[in-house]
Structure formats: structure tokens, C-alpha cells
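Input: a single structure, listed below in C-alpha cells.
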Amino acid sequence: MFGERSFELVKDVERQMTGCVTGVPTYDENGVRQVLDEMQLLFDQNQKDYNRIGQKVNQNDVTENLDVTMNSSTSTGAQGEAAGVYLRHTALERNKDCLLAYMSTRLERIRDLRWIKGSVLPEADQNNMTEQELQYFTDYNKILANYMRDIGVDGDFDGLDLTEHMEPPKSHMVYFKVLKEYGEFEPEDGKIIVLRKNCVHHLPKYQCETLIRQGVIEILTE
Amino acid sequence: MDISLNGGDDQGGPVDNEEDDDDDEPIVVTSAEVLQRLEHGWMNEKMSPELLPPLEQEKDAMLGQIKVMERNVTTLDKRDVRTDIHKLELERIKFVVVSYMRTRFFKVQRMSFTLYEAEMKRSRNQESILFKEEFTFLKNLVTRTADYFKATLISKMPPVLQKFEIKKFRVLPQFDAFVFFRVLQNQTVQVEVNDEILTIELEEGDLHFMRYEPIAHLLAGGAIHLSTLKANPPSRHHHHPHAANDDDKVNALKIREEQGALSSPQKISHHPQWLRKLEGTGGECPHLI
């Protein structure tokens with residue numbers, strides 16, 4: 001039936017998104033292509049039928065004039081064709097909707113990843129994304145960075161990092177344990193510290209948030 | 001625990017807040033008052049399903065204040081116990097501002113096309129619902145996203161369907177969402193329940209739980225403010241005994257900083273669960289399906 005494949009895509013993406021909250025699922029290139037093929041097929045068929053009725057009604061746009069066609073055509077054959085065109089057009093619209101839903105759900109998740117994992121995505125996620133999605137991610141990154149730099153510029157304030165201060169602070173400084181080798185980290189005061197596995201450090205909470213999200217460190221005390 | 005941030009009374013000095021009042025004179029308010037307005041605005045923003053008018057002056061004033069405080073805090077003696085407390089307080093204030101901006105950010109992002117459409121249709125004498133920088137962001141995001149869809153999908157479709165229809169990207173606020181709110185001025189409100197119209201008396205100080213739509217205009221008029229179930233009942237607070245006009249009355253209702261205002265309505269826990277918890281209308285995080 002028309003639109004079945006595209007509905008599959010939508011159901012898939014929903015399942016994948018609830019199954020994995022912090023990554024992008026693989027892009028279903030095959031699925032998308034099949035839907036686009038089906039759309040082309042529907043469209044070609046419509047063109048054919050339309051040309052057949054077309055001799056009676058000289059219009060270009062299929063959809064807008066269908067009602068006219070349905071009412072004005074006297075022969076039952078033409079009426080049947082018009083109904084077919086109408087049905088196929090609805091299927092086309094539905095396929096378009098489903099594809100857009102599929103792609104924009106992925107896009108939403110890709111934007112979320114900027115907030116979960118920071119501006120550089122792990123390879124696992126990158127491999128699941130298309131070329132254009134990667135490009136979108138990079139651009140989103142820039143747009144977001146520009147925005148955060150813009151906050152309060154009029155009031156002589158130079159930007160606000162919205163990815164910091166994710167949680168209400170309970171204490172200013174926290175002790176944290178390093179979970180994996182990370183290397184050098186530069187806190188705001190400029191004194192570089194080296195994060196080695198199992199080391200314990202003491203830093204202001206808000207400066208640790210990115211590291212926590214990346215799974216590099218773990219808070220010991222509040 | 002009211003800590004004056006700059007260590008003395010003088011640095012919390014008055015901030016000029018040019019607000020168009022009836023008498024057209026700038027009102028001078030203290031930074032504590034500004035913070036309080038921002039806190040209320042922040043709670044409202046967090047709990048309401050739609051984007052609320054921006055608190056332009058409050059935000060700018062508070063950012064300026066943060067800058068001053070950040071400077072002051074570096075001059076304090078590091079061995080002094082109070083230094084850490086000052087820093088923590090500064091962190092809390094920053095959290096409120098950042099969280100306010102972030103809450104708005106995610107609403108703007110989620111409803112980007114809807115807001116962009118509205119912004120394009122807005123007449124010149126209508127106030128924008130966005131901060132200036134938010135609008136720039138919105139414009140960039142909408143353009144980039146539309147380009148993405150055109151390049152990846154729409155151009156590959158049959159000719160009749162090669163239109164970018166903004167209506168397919170419309171996301172409307174959930175006006176049906178239920179919210180908690182505290183009544184600041186006596187009101188009556190008409191609510192439709194099962195095809196019946198009920199008139200409900202709202203008395204000052206009451207806490208109610210209701211659909212957002214019928215009370216949205218009260219929020220805009222400042223007769224109520226949205227809250228969490230936990231937020232403490234209003235109490236007159238001590239910073240400014242000269243509370244006279246209606247604006248001050250709003251300020252006079254203080255959510256105690258220790259619990260109410262600074263613990264966010266939806267508690268965030270560590271990655272990755274915090275993502276899931278923050279779904280919903282007022283959520284302040286990436287929105288999941």
C-alpha cells in the first residue's frame with residue numbers, strides 16, 4: 001500500500017530514539033530512497049492519468065483543479081482517473097510528511113547531542129550521520145556559539161555560556177575523581193592540571209560540568 | 001540566609017532601571033529587587049508552556065551586577081570562610097540567569113518556525129517576544145534548518161512537492177498543559193470543564209493547579225505567578241519596606257532562596273538521566289520525542 005514504507009521509517013526512528021537517548025541511530029539510506037522512489041512512481045502515474053484527463057481541463061496544477069475535474073467531467077472513466085490522481089496525491093503528501101518527520105527527528109537529536117556531548121562528537125555518532133547532517137551539526141555549533149557570545153553584549157557583558165551551570169549549585173567547590181586518562185585541562189584561573197585516572201582534584205563545580213557529561217570525571221562530595 | 005554579595009551594603013547599590021511607568025520616570029531599584037524580579041520571571045518561564053515576554057532590563061542589569069560581583073570576589077581574602085560563601089552565592093545568581101536564558105533558548109529552538117513566522121508578521125508597534133540576540137539566533141537557525149531540508153529532501157521530490165512549507169514545521173505551545181500558580185491579587189477565572197463553564201474564585205495567596213490557557217492572561221497581567229508545588233507561600237520580605245505600587249507588590253512575594261528559587265522545579269540529576277527528566281512543557285534541556 002502507498003505510504004507504508006515511509007510510515008515504517010517514522011516508527012523506526014521513534015523506536016530508535018526511545019531505545020537510545022544519547023546517540024544518533026544509523027541513517028536509513030535505503031528506506032529514504034525507497035520512499036523517494038515510490039514518490040517518483042506515484043508522480044509519474046499521476047502525470048500519465050492527468051494528461052489523459054488533461055485534454056478536457058487545461059490546467060497545470062494537479063491538486064488545485066481536481067475538484068473541478070471531478071465535478072465537471074461527464075465520462076465515468078475520467079472521473080475514475082481523477083479519483084486515482086487524488087488518492088495518489090494524498091499518498092505523495094503523506095510520504096513527504098513522513099520523510100520530513102524522519103529527518104527532523106534526527107536533526108533534533110543531533111542538536112541535542114551538542115548539549116550532551118559537547119562540540120566534538122564521538123566517532124560512533126559521526127559514523128551514523130550523513131554528510132549533510134555532519135555539516136548541519138558544525139553550523140549549529142557555530143550559530144549556538146555566536147548566540148552565547150551575543151548574550152548581554154549591549155549591556156557591556158561578554159556572553160554567557162549556557163552549557164555551564166546545568167544544575168543549581170549546592171557548594172562552590174567539589175572534589176571529583178578522574179575516571180579515565182584525559183590529559184591537560186585548563187580551569188578558569190589558568191593553572192593547567194593534568195587529569196590522570198583515579199586522581200582526585202578540587203575545582204569549582206560549574207567548571208567540571210562538561211567533564212562530567214563526557215564521563216571523564218565523577219563527583220565525590222558536594 | 002541573605003548574603004550581601006559585595007561584603008558590604010554599599011556595593012549592592014542601586015541599579016538604574018529605566019522602566020516605563022505611568023509617570024515616565026526611571027525607577028531606581030536595588031539589585032536585590034532586580035534579582036527577585038528575575039527569579040519570578042525565571043519561574044514563570046520555566047513553568048509556562050509558551051514563551052513569555054523577555055525581561056530585558058532585569059537581565060541586563062543582573063548581568064552587569066554579576067560582572068561587578070565577579071570583580072569584587074577576586075579581591076577577597078582566600079582564607080576567609082566568607083569568601084567561599086560569597087562565591088557560592090554568586091554561583092547561585094549566575095545559575096538563575098543562565099537557567100532563565102537556557103529555558104528560553106530551548107523554547108525558541110523547539111518552536112523556531114512558529115516564532116519566526118510570528119516575528120515576521122509582527123507590526124512595528126508590537127513588542128517583540130524575543131531578546132535581540134535570541135532573534136538573531138532564531139533567524140540563523142531557521143535559515144539553516146530550512147536549507148538543510150531543501151538540500152537533502154525537498155529538492156529530491158517530484159516537482160509538485162518541491163515547496164518548503166513552513167506550516168509543516170509548526171510547533172505550538174501546549175496551552176492545555178497544567179500549571180501550578182500562586183495568586184497575587186484576588187481574581188475570578190472562568191474555566192470550561194466538560195462543556196460546563198465554572199467560575200473559580202482565586203484568592204490572594206492561594207496555590208492552584210489548572211490548565212494554562214484560561215489563566216494565561218492573568219500571568220501576563222501580573223495577577224499570578226507560576227510556581228512549583230514546593231515553593232513556599234508568599235511572605236512579606238524585609239529588603240524594601242517601602243513597597244508601594246503594584247510592581248513592588250510582586251516583588252514583595254519572595255520565594256525563599258534557600259529552597260524555592262534555587263532548586264530548579266525539575267531536579268536535574270547526572271548524565272544521562274537528566275535528559276529524560278526534563279522532558280515536558282517547561283523543560284530546560286534538549287527535547288526528546
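The values are calculated or read from the model by the stated rules, or taken from the named source; none is laboratory data. Fair warning: this is a prediction, and the values are worked out from it, not measured in the lab. Heads up, the Cβs are rebuilt from the backbone with ideal geometry, glycines too, and the neighbour counts pull from every protein chain shown.
Listing for the model above:
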{"quantity": "Any chance A:T69 is part of a helix (DSSP H, G or I), at pLDDT below 75 and on the phi < 0 side of the Ramachandran plot", "calculated": "yes"}
{"quantity": "Selection from segment A:112-130 of residues that are among the charged types (D, E, K, R), without any contact (Cβ under 8 Å) to a residue 60 or more places away in the chain and more than 9 Å from chain B (Cβ to nearest Cβ)", "calculated": "A:E123"}
{"quantity": "Any hit, segment B:168-183, residues being more than 29 Å from A:Y140 (Cβ to Cβ), of a type in the set (A, V, I, L, M) and in the same structural domain as B:L229 (by TED's automatic domain parsing)", "calculated": "yes"}
{"quantity": "Tally, over segment A:131-154, of residues that are facing another protein chain (nearest Cβ under 9 Å) and either part of a strand (DSSP E or B) or among the hydroxyl-bearing types (S, T, Y) (or both)", "calculated": "3"}
{"quantity": "Selected residue [surrounded by 19 or more Cβ atoms within 10 Å (Cβ to Cβ) and either in contact with a helix residue (DSSP H, G or I) (Cβ under 8 Å, 6 or more places away or on another chain) or in contact (Cβ under 8 Å) with a residue 24 or more places away in the chain (or both)] from B:F131, B:F178", "calculated": "B:F131"}
{"quantity": "So B:F106, is it facing chain A (nearest Cβ under 7 Å), assigned to a helix (DSSP H, G or I) and either in contact with a Pro (Cβ under 8 Å, 6 or more places away or on another chain) or over 26 Å from B:M43 (Cα atoms) (or both)", "calculated": "no"}
{"quantity": "Yes/no for B:R124 being in a loop (DSSP other than H, G, I, E, B), more than 19 Å from the chain's Cα centre (by Cα) and farther than 21 Å from A:V35 by Cβ", "calculated": "yes"}
{"quantity": "Options B:M69, B:M43, B:M101; residue that is modelled with pLDDT under 90, closer than 30 Å to B:V29 by Cα and crowded, with 20+ Cβ neighbours inside 10 Å", "calculated": "B:M69"}
{"quantity": "Subset of segment A:187-222 that is in contact with a Gly (Cβ under 7 Å, 6 or more places away or on another chain) and modelled with pLDDT of 85 or more - its residue that is surrounded by the fewest Cβ atoms within 10 Å (Cβ to Cβ)", "calculated": "A:V194"}
{"quantity": "Every residue from segment A:9-40 that is surrounded by fewer than 14 Cβ atoms within 10 Å (Cβ to Cβ) and either of a type outside the set (S, T, N, Q) or modelled with pLDDT under 85 (or both)", "calculated": "A:K11, A:R15, A:G19, A:C20, A:E29, A:R33, A:D37"}
{"quantity": "Among (1) within 14 Å of chain A (Cβ to nearest Cβ); (2) touching a residue at least 60 places away in the same chain (Cβ under 8 Å); (3) among the aliphatic types (A, V, I, L, M), the one test that B:L184 misses", "calculated": "(1)"}
{"quantity": "Test: B:E33 is modelled with pLDDT under 90 and assigned to a helix (DSSP H, G or I)", "calculated": "yes"}
{"quantity": "Every pair of residues 6+ apart whose Cβ atoms lie under 7 Å, when the first sits in segment A:32-45 and is over 10 Å from A:L92 (Cβ atoms) while the second is of a type in the set (S, T, Y) and surrounded by 15 or more Cβ atoms within 10 Å (Cβ to Cβ)", "calculated": "A:V35/A:S6"}
{"quantity": "Strands (runs of 3 or more DSSP E) contained in segment A:155-204 and holding at least 2 residues among the hydrophobic types (A, V, I, L, M, F, W, C) and within 14 Å of chain B (Cβ to nearest Cβ)", "calculated": "A:173-178"}
{"quantity": "Count of segment B:162-204 residues which are out of contact with any strand residue (DSSP E or B) (no Cβ under 8 Å at 6 or more places or on another chain), of a type outside the set (S, T, N, Q) and closer than 14 Å to B:A216 by Cα", "calculated": "1"}
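Results for (1) assigned to a helix (DSSP H, G or I); (2) without any contact (Cβ under 8 Å) to a residue 40 or more places away in the chain, shown as yes or no for each residue.
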position	(1), (2)
B:E91	yes, yes
B:F137	yes, yes
B:L172	no, no
B:G205	no, yes
